[in-house]
Amino acid sequence: MPPSLMEEEPSEADIDKDVLCPICMQIIKDAFMTACGHSFCYMCILTHLRNKSDCPCCSRYLTNNHIFPNLLLNKLLKKISARQSARNASPVENLRQTILQGCEVSTKELDSLLSLLVDKKMKMEQSEAETNMQILLDFLNCLRKKKLEELTQIQNDLQYIKEDTTAVKKRTMELYTAKERCSMNLRMLVDDFSAEKPLPSLIDQYNNGAISGGRNSQGWIGSARSQSRVSLKDQANSPVFRSKDANGGSDSTCNTDSGLTVARKRRIHAQFNDLQECYLQKRQHWTKQFNKQEHEGPTAMDVDGYNPGLQDFQAVLTTFTQYSRLRVIAELRHGDIFHSANIVSSIEFDRDDEMFAIAGVSRRIKVFEFSAIVNQPADVHCPIVEMSTRSKLSCLSWNKYTKNHIASCDYDGIVTVWDITTRQSLMEYEEHEKRAWSVDFSRTEPSMLVSGSDDCKVKVWCTKQEASVLNIDMKANICSVKYNPGSSVHVAVGSADHRVHYYDLRNISKPLYVFGGHKKAVSYVKFLSNHELASASTDSTLRLWDVKENLPLRTFKGHKNEKNFVGLTVNSEFIACGSETNEVFAYHKAISKPAASYKFGSDMAGVDEEAGSYFISAVCWKSDSPTLLVANSQGTIKVLVLAA
């Protein structure tokens, strides 16, 4: 077509504007024209005339009798629609339409077209097959790579197991040999005694006084030796030694321990997956350490063949399987346990584990002597010290250096340092604007303490000053604060923002680390060691963190905690917390499931109906012993101990 004619042909945009309905602004469907010359969709103009009697474009008087079909425009619209459909249709669709419209095509042309289509189909199928094969090959290569990595890891794990099995068998043989050597020496002593006979000549000489020098000493020696050998003979004739069997020489008393051994093995199988993970983690960790230190000379593993990772795991296995339940050994009766004002919010042992203090909504701090509670059962136990406060108490913290100093924080935000000897407050800090939830004395700097409050502030105090020495403003309520036991400048903060903030007090502009993972507020933070930190949350989980390497270590599940503060306590191996089911749970730090639990009221009849309304409110380990103090929201306080 000549360029001059192309320039005169209207563009698609102009055509589209001309064929738009002035009412709906869409391409006109079933065009009708008014007496004044305007065109509309039939349904559009009909609807308009039901409400008004004028033209939408020029406002002239108009009725249903003044509109007529626009045949020319309808024909033009059909052509435009067909042209647009053809333009938007695929080549295949155009070909199909051409054939359907009866286009004249010769047989030869059809054969050529069919051949072309068959070739095209074959190429497309081949290309699709190649693509599918490439995708399958990529998948298989990725799978092979992953499985090879897993195989390598399994081979490494099997090598660990092989090395450790050899080392354990060797150590077992050494122990058995040492035991047999001791048994053999004892038998030789017994045999010597049985074979030994008195010498007549010596006895005669003794009676005749021929042997005079050192008579007394020889007599005492002979007497002592005789007593010693008689003692050995008595031991040899005792039931324990008579029970030696002929095959291995093992004591029959070992049979009395078989029940405990079976129970411990049962615990291993119940937590096998967690124990397996623990073993492999420790072995892999120490292998990495050895690889880093290869250039420094022989390692402990090279010297005696007993890998430190295996030693670590053996300690875990021994400790974990040693206990299976929590047993009550005493109960503290300190008043009307059915009075709601006796809810205990905090329990803390003193520096030497000789005394413990309790506090809560009763507005009193009571100090008890632990040995008296355990060894002297009574209807009511009286505290050795009792101090009244103005407000309900949230938390206690003993000074680990000055035995008679204890700190408290309360619902009014007041932090107080007490002297239990004089029963008087030494310092009162009133800078918090809302309830103070937590307070803690530093272990390395006994004059320093830290507190956290609902006013979103962490404050550091010194008992030698009347005002706070440091203030950290945070964006969420503070639920718990804790000094690192090995540092006076590192503090962990549990917050309502679901995270644990770990601060270096020398630079409080931002936290050193932030540990995220909890889904609700972090209610407690406690240190197991200088680098292990445990946290509790109202998402019904506990978590263990490495504050040295900034790593999450483990998540513990089994208890229920959705709205209340149920307590958290730790020692070097175990973590204990309460539950809203009125139970206390003890976890080993290397195993994610509970090692033992105890339900309040389980040893009493007729209390199951009410037990659901109570929850554990405070817990505290007695240093690194298996003894645990537990209080619930009813005011009941019990002394529990981990047992087999």
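The values are calculated or read from the model by the stated rules, or taken from the named source; none is laboratory data. Because the structure is predicted, anything quoted here is derived from the model rather than measured. Glycine also receives a Cβ, built like all others from the backbone with ideal geometry; neighbour counts cover every protein chain displayed. Side chains included, ligands, DNA and RNA excluded: accessible areas come from the protein's heavy atoms. Shrake-Rupley method; radii C 1.70, N 1.55, O 1.52, S 1.80 Å.
Say we look at the stretch 523-582 and pick out the residues that are open to solvent by 40 Å² or more (accessible area, probe 1.4 Å) and aliphatic (A, V, I, L, M); which of these is farthest from the chain's Cα centre (by Cα)?
Only one residue fits best here, namely Leu551.
Please specify each residue of the stretch 22-44 satisfying the condition of being over 15 Å from Asn74 (Cα atoms), touching a helix residue (DSSP H, G or I) at 6+ places or on another chain (Cβ under 9 Å) and of a type in the set (A, V, I, L, M).
Once the filter is applied, which keeps residues that are over 15 Å from Asn74 (Cα atoms), touching a helix residue (DSSP H, G or I) at 6+ places or on another chain (Cβ under 9 Å) and of a type in the set (A, V, I, L, M), the stretch 22-44 yields Ile23, Ala35.
Give me a count of the residues in the stretch 71-126 that are of a type in the set (D, E, K, R) and modelled with pLDDT of 80 or more.
Total meeting the criteria: 10.
Suppose we filter the stretch 47-98 for residues that are under 30 Å from Lys120 (Cα atoms), more than 60 Å from the chain's Cα centre (by Cα) and open to solvent by 100 Å² or more (accessible area, probe 1.4 Å); how many remain?
5
If I filter the stretch 399-434 down to residues being of a type in the set (A, V, I, L, M, F, W, C), surrounded by 23 or more Cβ atoms within 10 Å (Cβ to Cβ) and within 35 Å of the chain's Cα centre (by Cα), which single residue comes out as nearest to Gln465 (Cα to Cα)?
Here the answer is Val415.
So which residues in the stretch 494-523 are in contact with a Gly (Cβ under 6 Å, 6 or more places away or on another chain) and not basic (Lys, Arg), if there are any at all?
Val500, Val522
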